[in-house]
Amino acid sequence: MQHSAQHELSLKSPEKYWQEQAKLVAWYKSPETILSTNDNSWHDWFVDGELNSCYLALDYHVEQGRGSQTALIYDSPVTGIKQTFSYFELTSLVAKFADALRAQKVTKGDRVLIYMPMIPQAAIAMLACARLGAIHSVVFGGFAANELAVRINDAEPKVIVSASCGIEITKIIAYKPLIDQAIEIAVHKPNNCIIYQREQVQASLIKGRDLDWQTQMDVAVEIPPVAVKSTDPLYILYTSGTTGKPKGVVRDNGGHAVAMLYSMKNIYGMQQGDTFWAASDVGWVVGHSYIVYGTLMAGCTTIFYEGKPIKTPDAGAFWRVCAEYKVNVLFTAPTAFRAIGKEDPNGDYLKNYNLSSLKRLYLAGERLDPTTYHWLKEKTQLPVIDHWWQTETGWSIASTPLDDGHGNIVATKAGSAGYPVPGFNVQILDVDGQQVPAGKQGSVVIKLPLPPGCLATIYRDPQRLTSGYLSTYPGYYMTGDGGYIDEGGYLFIMGRTDDVINVAGHRLSTGEMEEVLSAHPAVAECAVVGVNDELKGQVPLGLVVIKNGITTSDNDLITELKQKIRTDIGAIASLKNLFIIDRLPKTRSGKILRKTLRQMIDGQEVEIPSTIEDSQVITELLSTLANINKS
Ligand code: COA
Ligand code: AMP
């Protein structure tokens, strides 16, 4: 069927459409109620269905006779380790680790926080939680102790699972001191920490609380998966919002399983036995959906790559992995290809590898800029597909269909994320909630209901679902992105309309950075805005006004503040540009003019708002910025 017909059908009869797709799932109890409304006035999918996400990802394939197929490949250029796990082996390890968690009294509905580098034990821990019906919350390894503490307080995990260290290009990061510090800061205290000891660092374990992964595994037995309700949470994944407090996006089991299987087949064109590589990190939604759950549920081989696109050891790393494991689809963030293109502009490394298995490239996490799109297309001669999604949706809202319904390729357009995917009724509204004509920019919204797999709620704060996403345009989910749909129906996502920024495909909150800076005793006020960056897409830039009477030198203060961001949020915040200025441009009501600041810093023409308190401040700032640019 043609994409447009599918899309129309999915919007006209969502229940019928998704009831059909739900047949892809091996439910323990098939759902009869497809779409319903819950106590939070939000929709539930497949409310009376029962299943287990770990069973679907592992045991099911073993039962179907695919036990000896490779489920997971671990390729770690930073340690030199390469390992493969069959579905049979992975099932056994997960079933044992589930027992290790059960031994610490983890049961259905309990939370387990996972803070791990890109090693197979991260997937084992996630799937073991799913096996027990426990809810995992994975925290990206680049976040510092304070961020970890915020998540510990919100998720209240019974157990934390971690490793002794993570390995970056030039440094080893000991995780255990960060965990100890986070637990000390947090009000909630987990009962236990289970630590996977890596060769590079031996973590010291606190008696009575910390347990060694391997010792627990040595005495564990394999335990079976338990049935959970479709609407029981599978995981909580924290993501940056506009305030300092991250939002705990809750994913259900049933809708998620349907969305994963549907998307692997219909968006990525994957079949059992194919190799799908999402070059991301389990700490992000891409890692949850397509390094772990979707890929395994679809019976494909997934790759855990512990390295970078460049410098581990070179800009040919991605091509090497694709050739070595006969990857069929590669999915990563545009920033990774910008990094590769910078080091290898002529694509010389590409020529060293046989990439005949590679069918398509998928990009997400930030807009695929036309320059990178053209470079990739020219160098690889492959379909290059930008597709748009968010932590909240869990899978892509827009993409380019696999074919036009008659076996022909659908053309992609540089700068566009393709067409809305079936299930997503994407519209562009103006500030008054009116639809804008084709080609005109506005707020990108999705008419309710959202399809299966999208956020079930915000953990412990269902009100935030309403206030953050639903109240601005009643009847619509506000994505927080701005963009337009052209005459041909192609969707263009042009950037966030709020204080969220995307740094190297990592979603960060400028509001959170401002909170960290403002907490410093010398800071009177500050503003952090996202500015364009050739490699990372965006990077934060901070402007700080210092209180009168501060004697510390500007240089020392800047160093201190940058360090504070690293220790409170983490190195990934990448706040390298920080400047002390005299005044910030504000409206008469005291609101900092962030949009104006962004325009000024990016060198765009500045529209001076009529509500500005004192337009002289803009002139001063422009001259300060000109001096900064010169130096
Ligand atoms: N644990 C600890 N620290 C981490 C980390 C992790 N998992 N990931 C990144 N960091 C640190 C880095 O070491 C770096 O620290 P530094 O400032 O002390 O050098 C800092 O956070 C910034 O890292 P990063 O944003 O990765 O920048 P980089 O300059 O090291 O590398 C790229 C640039 C483009 C190669 C890299 O950002 C990249 O591979 N991007 C792809 C992103 C991606 O896959 N996103 C997922 C969305 S689909
Ligand atoms: P995250 O929740 O971390 O996945 O980040 C989601 C945000 O990243 C979106 O709201 C967009 O701002 C941005 N994003 C993700 N994919 C794309 C894309 N293909 N094009 C443009 N922006 C994107």
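Read-outs throughout are calculated quantities, based only on the coordinates presented, and are distinct from any laboratory measurement. Given the structure is predicted, the values throughout are model-derived calculations rather than measurements. FYI the Cβ positions are ideal-geometry reconstructions off the backbone, even for glycines, and counts take in every protein chain you see.
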The size of the Cβ-based charge dipole (Lys, Arg +1; Asp, Glu -1) of the chain about the Cα centre, to the nearest 20 debye, is 560
Between region 196-262 and region 82-133, what is the separation of their alpha carbon centroids in Å? 7
For region 207-296, what does the alpha-carbon gyration tensor say about shape, rounded, prolate or oblate, given a ≥ b ≥ c as the root eigenvalues, a/c under 1.5 as rounded, and a/b over b/c as prolate? oblate
About its Cα centre, what dipole magnitude does region 135-195 give when the only charges are +1 on Lys and Arg Cβ and -1 on Asp and Glu Cβ, stated in debye to the nearest 20? 120
Report, ordered by chain and residue number, the lysines lying within cross-link reach of Lys108, taken as a straight Cα distance under 22 Å and ignoring same-chain residues fewer than 8 apart. Lys29, Lys96, Lys158, Lys189, Lys229
By its C-alpha gyration tensor, with a ≥ b ≥ c as the square roots of the eigenvalues, how is region 252-303 shaped: rounded for a/c under 1.5, else prolate for a/b larger than b/c, else oblate? oblate
Filter Lys326/Lys359; Lys308/Lys342; Lys82/Lys342 down to the pairs with a C-alpha to C-alpha distance above 19 Å, please. Lys82/Lys342
For region 396-452, run through the trypsin sites (Lys or Arg not before Pro) and keep only the ones in DSSP coil with at most 10 other Cβ atoms within 10 Å of their Cβ. none
Can you give the net charge of the other residues whose Cβ lies under 11 Å from the Cβ of Ile160, counting K and R as +1 and D and E as -1? +4
Determine the shape class of region 504-624: with a ≥ b ≥ c the square roots of the Cα gyration tensor eigenvalues, call it rounded for a/c under 1.5, and otherwise prolate if a/b is greater than b/c, oblate otherwise. oblate
Using a 10 Å cut-off around each Cβ, can you sort Glu605, Glu324 from fewest to most neighbouring Cβ atoms? Glu605, Glu324
With N set to the residue count of the chain, report its C-alpha Rg divided by 2.2 N^0.38 Å to two decimal places. 0.95
Note on the chain: contact order normalised by length, alpha-carbon pairs under 8 Å, 6 or more apart, percent, works out to 12
Among Gln64, Ile34, Ile81, pick out the residue whose Cα is farthest towards the positive end of the charge dipole of region 23-111, where Lys and Arg carry +1 and Asp and Glu carry -1 on C-beta, about the Cα centre. Ile81
